[in-house]
Structure formats: structure tokens, C-alpha cells
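Here the structure comes first, spelled out in C-alpha cells, and everything after it is commentary.
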């Protein structure tokens, strides 16, 4: 049985995800819409929200890594 860990993607895919989410949010789009409307993103909406909430709960670190 494999335990669950973070988002499984390479650095290029993760960079694309971050850039796409940021651009969408800057354009006032919901994260749900951003994830569901982009055929390249292969991550669930729940996983994106989970990752985002982990970053927001540790703001000094989040500011450096987003």
C-alpha cells in the first residue's frame, strides 16, 4: 500500500501549475475553474486547495516559495 504524499509532478509541471493558478487568480477566476478548464493540469481541485492552505498557514515560508 502506497501512502499519500504531495502533488506528484516534476519541476516543470509544478512551475506550470503555479503560474497558471497565479494568472487565473489575478484575473479573478476561481481555483476550481482554473483547474477544470486547463487540460494540461492533471491534479485534483482538492489537492490544489490543500497545497494552497498549507502554504497560507506558514506565511513567512509561503512568501518565499510562491
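For the stretch 23-53, how many residues are touching a residue at least 24 places away in the same chain (Cβ under 8 Å) and surrounded by fewer than 13 Cβ atoms within 10 Å (Cβ to Cβ)?
2
Taking helices (runs of 4 or more DSSP H) that do not extend beyond the chain, which have at least 1 residues that are at pLDDT below 80?
Output list reads 45-56, 59-65.
The values are calculated or read from the model by the stated rules, or taken from the named source; none is laboratory data. This one's a predicted model, so the numbers in the text were calculated from it and none came from an experiment. Cβ: placed from backbone, ideal geometry, glycine included. Neighbour counts: every protein chain shown.
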